[in-house]
1. Looking only at the stretch 3-31, which residues are part of a loop (DSSP other than H, G, I, E, B) and exposed (fewer than 15 other Cβ atoms within 10 Å of the Cβ)?
2. Among the numbered criteria (1) in a helix (DSSP H, G or I); (2) touching a residue at least 12 places away in the same chain (Cβ under 8 Å), which single criterion is violated by Glu177?
3. Which ones in the stretch 138-155 are of a type in the set (D, E, K, R) and away from the ligand (no atom under 11 Å from the Cβ)?
4. Which one of these does Ile109 not meet: (1) touching a Lys or Arg at 6+ places or on another chain (Cβ under 6 Å); (2) away from the ligand (no atom under 16 Å from the Cβ)?
5. For the stretch 168-183, indicate whether the set of residues that are more than 20 Å from Gln97 (Cβ to Cβ), modelled with pLDDT of 95 or more, surrounded by 16 or more Cβ atoms within 10 Å (Cβ to Cβ) and under 29 Å from the mean Cα position of the chain (by Cα) is non-empty.
6. Please tell me if Asp135 is among the acidic types (Asp, Glu), in contact with a helix residue (DSSP H, G or I) (Cβ under 8 Å, 6 or more places away or on another chain) and either within 13 Å of the ligand (Cβ to nearest atom) or over 26 Å from Pro66 (Cα atoms) (or both).
7. Within the stretch 70-100, which residues are under 15 Å from Cys113 (Cα atoms), out of contact with any Gly (no Cβ under 7 Å at 6 or more places or on another chain) and among the small types (Gly, Ala, Ser)?
8. Which of (1) surrounded by fewer than 13 Cβ atoms within 10 Å (Cβ to Cβ); (2) within 16 Å of the ligand (Cβ to nearest atom); (3) not β-branched (Val, Ile, Thr) is the odd one out, the single condition Glu98 does not satisfy?
Amino acid sequence: MKITVFTLFPEMFSSPLGASIVKRAIDLKLLHVDLIDFRTYAQTKHKQVDDEPYGGGAGMLLKPEPIYAAVEAIHGDKGAYKGKIILMSPQGEPFSQEMALGLSKEDAISLICGHYEGFDERIRGLADLEVSIGDYVLTGGELPAMVLIDALCRLLPGVLGEDSSAQFDSFSDGLLEHPHFTRPRVFRDMAVPDVLVSGHHEEIRRWRRKESLRRTLLRRPALLEQIELSDEDHRLLKEIRQEEEQ
Ligand code: 4FV
C-alpha cells in the first residue's frame, strides 16, 4: 500500500514510522509512505502557506494554492490519481475500525494534514473523503494522519505475525475485546480464570464471548444496538444482567 502525506511538518512522522510494526511494514515493503511538505509548492517569494480569514476572526487559514500545487505536482490533475484523497479534519466522518479495514484494501491513499485554524473551504474540492479521529481540536492533522496510518498498517496482509490476530480485535466483531491474560498464573493474588487454563476450547470460546458482551454492555452499551446478536449472545446477556444485578 502507498500512502502519500501532505503536511507542513514531515519531521513529525519520523518516529511513529520508524519503530515497531509500522517500521516493519515499511521494511517489508508492504507499506510505502511518502511525506510531501506542501510549503515547498508555495508560489509566493516567502513560501506563504497561510493567511487571514476573510470576514475577520482569530487565527490563520491554510491557503488553497500550495496544497493544490503539491497534490497536482505529485498526483497529476484531478482524476489522474487512482488513490483516495483524504482530508483530516474535525468535521470529517468519524474514523472507525470498519473504515480502517475498508481503507486498508486500497492500493494508494493520500492524507492532507491541516494546521492553524483550518483549511480554506476550496481545499475540500480536492478530497474524496474527510475523516475525523475524534470530537476534539488538535494543533494539526499530523497526529490524526499517524493514527490512520497505524490503524491501516496492522491490517495489511503479512504485517502482523499471524494474520489472524487482527480479526480478533476490539470492534472487529463490533464488541469490545474480552480480558486477556498471560503468565504468571497468579500475580499479587490475582489469578488467571481457571477456564483459560482448562484446555477446554469450547468453554474458553464461550467465556471470551461472554466477557466481551459484559464489557461492551457495561462500557459501550450503544455498540450492542449496532450488531447482530445470536441466540447464544442473548442467553449470555441474560446471565450477565443477572450477575451484574447481584
Ligand atoms: C482533527 C481531528 C483536528 C483542526 C484545526 C487541525 C485540527 C487544525 N483532524 N480529526 N480531531 N484537526 O483536530 O482529524 O487545522
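1. Gly18, Ala19, Leu28, Lys29, Leu30
2. Condition (1) is where Glu177 drops out.
3. Scanning the stretch 138-155 gives Asp150, Arg154.
4. (2)
5. Within the stretch 168-183, not a single residue is more than 20 Å from Gln97 (Cβ to Cβ), modelled with pLDDT of 95 or more, surrounded by 16 or more Cβ atoms within 10 Å (Cβ to Cβ) and under 29 Å from the mean Cα position of the chain (by Cα).
6. no
7. Ala70, Gly92
8. Answer for Glu98: the failing condition is (2).
The values are calculated or read from the model by the stated rules, or taken from the named source; none is laboratory data. Remember, it's a predicted structure, so these values are computed and weren't measured experimentally. Neighbour counts run over all protein chains shown; Cβ positions are idealised from the backbone, glycine included. Accessible surface areas use protein heavy atoms only, side chains included; no ligands, DNA or RNA. Shrake-Rupley method; radii C 1.70, N 1.55, O 1.52, S 1.80 Å.
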